[in-house]
Structures are given as C-alpha cells and as structure tokens.
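Student: Once you've had a glance at the structure underneath, I'll fire off some questions.
The values are calculated or read from the model by the stated rules, or taken from the named source; none is laboratory data. Keep in mind that what you see is a predicted model, and the values were worked out from it rather than measured. Here the Cβ is made from the backbone with ideal geometry for all residues, glycine too, and neighbour counts use every protein chain on show. Only protein heavy atoms, including side chains, enter the accessible area calculation; ligands, DNA and RNA are left aside. Shrake-Rupley method; radii C 1.70, N 1.55, O 1.52, S 1.80 Å.
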Amino acid sequence: GTDANENTPRDLFTMLVHGTRISFMIGLLTAVFSVFIRLAIGLISGYVRGLVDEGLMRFADFLLVLPGLPLLIVLVTVLGRSIWNIIGVLVFMGWMGFSRSVRSMVLSLRERPFVESAKAAGAGTFYVIYRHILPNVFALVYISMATSVPGAIISEASLAWLGLGDKNIPSWGMILYDFSRTQTAIVKGLGEYWFWVLPPGIAIALMAMAFILMGFSLDEILNPKLRKRR
C-alpha cells in the first residue's frame, strides 16, 4: 500500500525496507560510540581516582537525575533535526550507567596482585590499563553494545514519532510520524490502514528483541558463572 499523500503517494514497503537500514545504522553507531566512551570514562575514573574520578562521577550523577526524554527533545530541538545530531545526542545521554559498572570492576582489579606486580616492575598507568585491566573488563563491552542498540532504535523512533526526526530520511519512526500527522486513524480508522502502522511497529519490536536476546546469549557465553553444566 501507499501513504495518504494524494499528490505523490509513497510505497510503504519500500520505506519500510529502507528504514531498516537507517534504524540499524542509528542503533549500531550509537551503541559503538557510546560503549567506547563509557569504557574510557570507566577505566580512567576507576584507575586514576582522586579529583578526576570525583568530577566524572558527579557529572554522571547529574545526568542520571535529569529526565531522559524531555532532555533529548530539548537537545534535538536546539541542535537541529539531523540524523547525526540525533546520534550525537543519544551517545551523550547513554554513557553513565555502563561507565559506573566499569569503574566498579576497575576499583576491584587495581588491587589485584598481578596489577600490583606490574606497577612494582615499573609499568606506567597506560600500560597497566591496556595490558592488565582492559582485557578483564572487555567482555562487558560486547554485552553492553548488544543491549544498547534497541534502546537507541526506540529512542530515535520516539523522537521521530514526536516530529523531531530527520524528515528527509524515512526511518521507522518517521513512518509512524507520517501516519499520526495525517490523522488517518481518526478519519478512516486504523483497520483500513493497518499496513501503514503495524509493520514498522513490529519491525522495531523484533529488532529490539533480537539484540536483547543476543546480549543475553553473549552474557551466558562470556560469563563463566552463567554457563550451564554439560
């Protein structure tokens, strides 16, 4: 079927297929950038300690107490409705929780005997973090990356549904926005135009569920405590 644009109706299936690439790109790029920022902040904060740790964690606490969706709406409105601005805002708003988890692990690892031995042998801060601490926390990166993708996709779809998405790029959220903007559900009813609203909604739910299940599987593989006895 097509949308309700009388002059130039657009094919909804083509928009759905093209929106798959856009939504996947948004989720994957947001997850990759935010995970590496979280990892760097958690490593630096947990190992360096002192004023650096205090400043980073208090800034994280400040962002955590702010309401997420209203702040996203304000930032996207101020910066502009570009797809790259949305990715940047989602990265900025998505690093706090994981960085605190990494910091907690680093605080425990920095007191281990192998780290103390490396420091006693004259190893510098960067070498200790890169060679001894990072490999022990890197398993969390895959899990966090897999579970961050659905959150980014749903956030972008929410912003687009509210009319804050990039109108030149047909993501799944923009398809839902076009449906609500034309008030088709009120004028003609949802039953007649189900093919306009249900496919993008189901696609968002399925992709989110797929990455969440992938995160659970990676956690079971990489975490020895969760492995089933054979």
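Student: Of all the accessible heavy-atom surface of the chain, with the other protein chains kept in place and a 1.4 Å probe, what percent is carbon and sulfur?
Tutor: For the chain, the apolar C and S fraction of the accessible surface comes to 66 percent.
Student: For the stretch 114-124, take each phi angle, set θ = phi - 60°, evaluate the Karplus expression 6.51 cos²θ - 1.76 cosθ + 1.60, and give the result in whole Hz per residue in order, putting x for glycine and proline.
Tutor: Calculated HN-Hα couplings, in order: 5, 6, 4, 5, 5, 5, 5, 7, x, 5, x Hz.
Student: Right, another one. Of A205, L159, V32, which is farthest towards the positive pole of the chain's charge dipole, taken about the Cα centre with +1 and -1 on the beta-carbons of Lys, Arg and Asp, Glu respectively?
Tutor: Value: V32.
Student: Between S108 and L66, take the C-beta separation as r, use R0 = 35 Å, and let me know the FRET efficiency to the nearest 0.05. Show your work: numbers first, answer last.
Tutor: Numbers: r = 29 Å, r/R0 = 0.83.
In this case the efficiency is close to 0.75.
Student: For the stretch 37-177, what is the convex hull (Cα atoms) projected area averaged across all directions, in square nanometres?
Tutor: Directional mean of the projected Cα hull area for the stretch 37-177 stands at 9.4 nm².
Student: For Q183 and Y130, compute 0.36 nm times the residue count separating them, minus their Cα-Cα distance, and round to one decimal in nm.
Tutor: Fully extending the segment from Q183 to Y130 adds 13.6 nm.
Student: While we're looking at this one, here's another question. If I take every Cα pair under 8 Å that is 6 or more residues apart in the stretch 1-99, average their sequence separation and divide by the length, what percent do I get for the relative contact order?
Tutor: That works out to 34 percent.
Student: Pop out the ³J(HN,Hα) list for the stretch 204-215 in order, Karplus 6.51 cos²θ - 1.76 cosθ + 1.60 with θ = phi - 60°, rounded to Hz; leave Gly and Pro as x.
Tutor: With the stated coefficients, the stretch 204-215 comes to 4, 5, 5, 5, 4, 5, 4, 6, 5, 5, 5, x Hz.
Student: I need the phi-derived Karplus couplings for the stretch 151-158: 6.51 cos²θ - 1.76 cosθ + 1.60, θ = phi - 60°, integer Hz, Gly and Pro marked x.
Tutor: Those phi angles translate into x, 5, 5, 5, 5, 5, 5, 5 Hz.
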